[in-house]
Amino acid sequence: MNNRIEQKLQHIQSDAIKGSRVELQLLTTLKCNLKCSYCSLGVGDVLGSQLQVGYDLDQLECFVDTHFSGKEIYVTFYGGEPTLNVRFISAVMQRFPLFRFQLQTNGTLLDSLPNEILGRLSNILISIDGGEAITDSYRGRGIYRQVLKNMRYVRDRVSGSMTARMTWNDANTSFTEIDELTKNFDYVYFQLVADEKYAGDAVHKRQEVLAQLIARFFAQSDMVYPVIPLMGIVRNKLFPNRAREMYAGLTQCRASTHLINVMPDGKVFPCPDMMYLPTMQQGDIGENWLHRSSLQSHPDMPCDVCEALPWCRRNCMKNLYRAYVQKDDVYRLNVVEPICDLIRFMGMEIDRHAPREWFARLSPPLRRQITDCEIYEYVEVMP
Ligand code: SF4
Ligand code: SF4
């Protein structure tokens, strides 16, 4: 390659991706075998709109070589339900053996995955909504039991971790239900639902459960209670530079720096929940171009003067964008502000349990769980 082309290429690369990692979320299909009532792909009729991958692996390789050269790449197979396109998953794994792989799935078809795929996954994120009654009410009768049965069935063939990705939809989700998930999964990652589910006493009910989870987290120093948002907040409070260095001082959800969502047709977006918005497109696999994410911090966002910024790190750019850039006041009042209040509540509650003293009691391997947990690289870390 001559020097001028190389310089131009480096310019394109440094402009588009910040840091040395890329998280490549490949949507294998937009089809799903469930009909979850709150699915974010339902916005803008994205769900079901593209059934097959429209680019080939030569094009993907060319895109990766052009824009991600020398970077560490984590692929997450995403959908729709990604396991409906096993052939694509298998082909990507064979073509890019140095990549790290994760699967985001509803878990209903886990038992049908071949061993070559199960054995290559560093982490499996399994969507769940809390306990059995709540999960089944959103996902369909019998789904909770089916997912746990499938997990047990594949457990011995999975070499990575299995993480519950719990969307906290229902204000009645109890501590016991979440605690039960910590026994069945290696990690629990809960996410406060980005929907109008915070009216009445819904915030207060969630605060009560959060207080119980946080008390449970600090009750022992001979183990780490494997709830990612609590681990992540403690890490950020004790070692704020960790969060800054991994995300170039920008949002911890990586949508501003290195989270690349590829639709089956090859169009690239920074956030999987905003693929209905053409102005958010930042690249295209087939046309081999990639720009910097448009989901960046904006002066109208309140984070710079928020006490939680050092450890929250702008938890969801989509929420902030809708509320403060698009000026959707209903969404701000009914979704974003209650979530921010809950995040600040978590911070205060964690401080009440003397996290420094607790961390000082941990053994070196347990300290590493807090500072360097691999799952932080695959999920948004903050709820
Ligand atoms: S709590 Fe809300 S306002 Fe504060 S830093 Fe987090 S996202 Fe920004
Ligand atoms: S945290 Fe929000 S902005 Fe970031 S990827 Fe998730 S939905 Fe998108």
task: Would you be able to say whether some residue in segment 352-366 is in contact (Cβ under 8 Å) with a residue 12 or more places away in the chain, under 28 Å from residue 166 (Cβ atoms) and under 19 Å from the mean Cα position of the chain (by Cα)?
output: no
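Could you say which residue among 111, 201, 156 is open to solvent by 10 Å² or more (accessible area, probe 1.4 Å) and touching a residue at least 40 places away in the same chain (Cβ under 8 Å)? Show your work before the answer.
Details: 201 fails: touching a residue at least 40 places away in the same chain (Cβ under 8 Å); 156 fails: touching a residue at least 40 places away in the same chain (Cβ under 8 Å).
Being open to solvent by 10 Å² or more (accessible area, probe 1.4 Å) and touching a residue at least 40 places away in the same chain (Cβ under 8 Å) holds for just one of 111, 201, 156, which is 111.
From 280, 301, which residue is within 13 Å of ligand 2 (Cβ to nearest atom) and farther than 24 Å from residue 378 by Cβ? It would help to see each step written out before you state the result.
On the way: 280 fails: farther than 24 Å from residue 378 by Cβ.
Step by step, each of 280, 301 is checked, and only 301 is within 13 Å of ligand 2 (Cβ to nearest atom) and farther than 24 Å from residue 378 by Cβ.
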message: Quick check on this structure: which one of 309, 290, 295 is of a type in the set (A, V, I, L, M) and at pLDDT below 95?
response: 309
- line: Within segment 251-307, residues open to solvent by less than 30 Å² (accessible area, probe 1.4 Å), within 16 Å of ligand 1 (Cβ to nearest atom) and either at positive phi or outside any loop (DSSP other than H, G, I, E, B) (or both) come out as 254, 303
- line: Checked against (1) outside any strand (DSSP E or B); (2) free of Cβ contacts under 8 Å to residues at least 40 places away in the same chain; (3) under 20 Å from residue 380 (Cα atoms), residue 311 satisfies every condition except (2)
field: For residue 229: the one exception among (1) open to solvent by 20 Å² or more (accessible area, probe 1.4 Å); (2) within 16 Å of ligand 1 (Cβ to nearest atom); (3) at pLDDT 95 or above; (4) not aromatic (Phe, Trp, Tyr)
entry: (1)
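Looking at 80, 70, which one is more than 21 Å from the chain's Cα centre (by Cα) and small (Gly, Ala, Ser)? Steps first, answer last, please.
Working: 80 fails: more than 21 Å from the chain's Cα centre (by Cα).
Just a single option satisfies the conditions, and that option is 70.
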message: Looking at (1) open to solvent by 20 Å² or more (accessible area, probe 1.4 Å); (2) modelled with pLDDT under 95, which one does residue 174 not meet, given that it meets all the others?
response: (2)
- line: The residue that is most open to solvent (accessible area, probe 1.4 Å), considering only those in segment 204-226 that are among the small types (Gly, Ala, Ser) and part of a loop (DSSP other than H, G, I, E, B), is 219
- prompt: Limited to segment 235-250, what total is found for residues that are within 30 Å of residue 184 (Cα to Cα) and within 16 Å of ligand 1 (Cβ to nearest atom)?
  reply: 4
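The values are calculated or read from the model by the stated rules, or taken from the named source; none is laboratory data. The structure presented is a predicted model; accordingly, all values stated were derived computationally and were not measured. A quick note on method: Cβ atoms are made from the backbone with ideal geometry, for glycine too, and the neighbour counts reach across all protein chains shown. Areas reflect the complete protein model, heavy atoms only, side chains present, ligands, DNA and RNA absent. Shrake-Rupley method; radii C 1.70, N 1.55, O 1.52, S 1.80 Å.
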